[in-house]
1. Using alpha carbons only, how many angstrom separate the centre of segment 97-147 from the centre of segment 34-96?
2. If you place +1 on the Cβ of every Lys and Arg, -1 on the Cβ of every Asp and Glu, and leave all else neutral, what size is the dipole of segment 52-132 about its Cα centre, to the nearest 20 Debye?
3. Modelled label-to-label distance, Leu28 and Val161, 7 Å Cα→beta-carbon offset: nm?
4. Taking the structure as given and computing Kirkwood radius over Cα pairs in Å, which label from (i) 16.4; (ii) 18.4; (iii) 32.1 fits?
5. Using 7 Å Cα-to-Cβ label points, what is the Glu108/Val35 separation (nm, one decimal)?
6. Suppose only helical runs count, i.e. DSSP H with n ≥ 4. What mean residue ellipticity at 222 nm does that imply for the chain under -39500 (n - 2.57) per run, divided by all residues and rounded to the nearest 500 deg cm²/dmol?
7. Using the alpha-carbon atoms, what tilt in degrees (0 to 90, nearest 10) does helix 51-165 show relative to the longest principal axis of the chain?
8. Just name one of Ala154, Ala131, Val35: the one whose Cα is farthest towards the positive end of the charge dipole of the chain (beta-carbon charges, Lys/Arg +1, Asp/Glu -1).
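Derivation of every value follows stated rules applied to the coordinates shown; laboratory data play no part. Predicted, not measured: the structure shown is a model, and the values here were computed from it. For neighbour counting, all protein chains shown are included, and Cβ atoms are generated from backbone atoms with ideal geometry for every residue, glycine included.
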Amino acid sequence: MKRLLTLTAGATAAATPALAASGPFFSLANTDFVVLIAFLLFIGVLVYFKVPSLLGGMLDKRAETIRSELEEAKALREEAQAVLASYERKQKEVAEQSERIIKNAKDEAAAAAEEAKAELKRSIERRLQAAEEQIASAENAAIRDVRERAIQVAVSAAAEVIAQKMSASDANKLIDSAIDDVKAKLH
């Protein structure tokens, strides 16, 4: 191996441009031949140290890394799609739930409005009935006042008429008769 390296180094040093201009192709004086030999020796050294298999192994390792990264990316993509589908389902469920809530709220509002209308109607009916009762009570009170006043006027008029036409003895008879009536009714 050392010999090969020494030979390569010597061939490289001897291959100067001045020597390349003359001579046959298979001579160390020809630069093309020297470059060919150096290239072949370089390839031989690479093969001896198994550089192609090392490069192949490195490329295989890199290819395996890329493949595993692609598989991981594919798994992540599938997981992301599953998460997206889950979120879309949840969004759809939330939208349906919000629609149900809105519908229930509208129904409850309509029911509350109907209940308020019915309560207002009942309240108006109660107020009308209370007003009618107050009117009837006021009528009864007015009639009672008129009757009482009429009775008072009649009693006063009767008292005046009786006082003018009755004598003292008639008055005493009436008082005794009234006392007897009261005794009979009480006992």
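1. Centre-to-centre distance over Cα atoms comes out at 81 Å.
2. On the way: 16 positive and 18 negative charges, 49 e Å.
Taking the Cα centre of segment 52-132 as origin, the dipole is about 240 debye.
3. 18.1 nm
4. Label of the calculated value: (iii).
5. Taking the simple label geometry, Glu108 and Val35 are separated by 9.2 nm.
6. The helix contribution divided over the chain gives -33000 deg cm²/dmol.
7. Approximately 10 degrees, to the nearest 10.
8. Val35
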